[in-house]
Amino acid sequence: MSLKIRLARGGAKKRPFYSIVVADSRSPRDGRFIEKIGTYNPVLPKDSGQRVVLDVEKAKSWLGKGALPTDRVARFLDAEGLMKRSARNNPNKAQPGKKAQERAAEKEEAAKAAAEAAAAPAEEAPAEAAAEAPAEENA
C-alpha cells in the first residue's frame, strides 16, 4: 500500500482549512485517511504560529514507514527540519501558450504591414501632389 502525507480540505466556501493526514494514495482527497498528524490554515498570516501545526514525532514515524509527502507538505516538513526539499525550476512557466504565441505573431505581422503601408504612401504623396497641381492649373 503506497502511503501519502497530504492535505485534506475542510472549512467553508472561500475559507479553506486543511488537515495534514496520512492516507492511501488511491483514496479521495477528502476521503478516508489513516491518521491525522496536523493542520494548516492558509487564512492566518505567514508569521502566525497556528498557521501550520504538525506533530513532528508522528510525521517522523510515518516517513520512516515509507510515506511520501506531497509537495506542499514537503515544504512544511522542510521548515520543521525533518527532510530536505530540493528547489524546483520550471523554465516554461512564464511562456505563453500556443494560441497566445500565434496571436502575438499575427499582431506583429499586422504591425509590420501597417508600418510598411504608412511608409509607402509617404514616398508617393509628393508625386501625386505634383500630378494634381498641373491638372488644377489647366482648369
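Add -39500 (n - 2.57) for each DSSP H run of 4 or more in the chain, then divide by its residues: what number comes out at 222 nm, to the nearest 500 deg cm²/dmol?
Numbers: 3 runs with 60 residues, N = 139.
One gets -15000 deg cm²/dmol as the mean residue ellipticity at 222 nm.
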Around Asp78: net Lys/Arg minus Asp/Glu count, Cβ-Cβ under 13 Å: +3
Length gained when the stretch Lys58-Lys84 is fully extended (0.36 nm per residue, less Cα-Cα span): 7.6 nm
Matching label, log10 I(q)/I(0) by the Debye sum over Cα atoms at q = 0.12, 0.14 Å⁻¹ computed from the structure shown, candidates (i) -0.47, -0.64; (ii) -0.68, -0.80; (iii) -0.53, -0.70: (ii)
Relative contact order of the range 1-108, defined on C-alpha pairs under 8 angstrom at six or more residues apart (%): 21
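How long is the gain from Glu106 to Asn41 if the chain were fully straight, where each residue apart is worth 0.36 nm and the alpha carbon distance is subtracted? Walk me through the intermediate numbers first.
On the way: separation 65, 0.36 × 65 = 23.40 nm, distance 4.56 nm.
My answer for the length gained is 18.8 nm.
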Set Lys14/Lys84; Lys13/Lys99; Lys14/Lys46; Lys4/Lys36; Lys46/Lys84 screened for pairs whose C-alpha atoms are more than 23 Å apart: Lys14/Lys84; Lys13/Lys99
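Just the number please: accessible area per residue for the range 1-73, 1.4 Å probe, all protein chains included, in Å². It would help to have the intermediate numbers written out before the result.
Values: 4610 Å² over 73 residues.
That works out to 63 Å² for each residue.
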Compactness of the range 1-47 - radius of gyration and Dmax, Cα, Å: 11.5, 36
Placed amide H near Gly11: partners under 5 Å, 5+ positions off or other chain: Phe17
Within the accessible area of the chain (1.4 Å probe), percent carbon and sulfur: 52
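The values are calculated or read from the model by the stated rules, or taken from the named source; none is laboratory data. Bear in mind that the values here come from a model prediction, so they are computed numbers and not experimental data. Don't worry about glycine lacking a Cβ; one is built from the backbone with ideal geometry, like all the others, and counts go over all protein chains shown. Heavy atoms of the whole protein, side chains included, go into the accessibility calculation; ligands, DNA and RNA do not. Shrake-Rupley method; radii C 1.70, N 1.55, O 1.52, S 1.80 Å.
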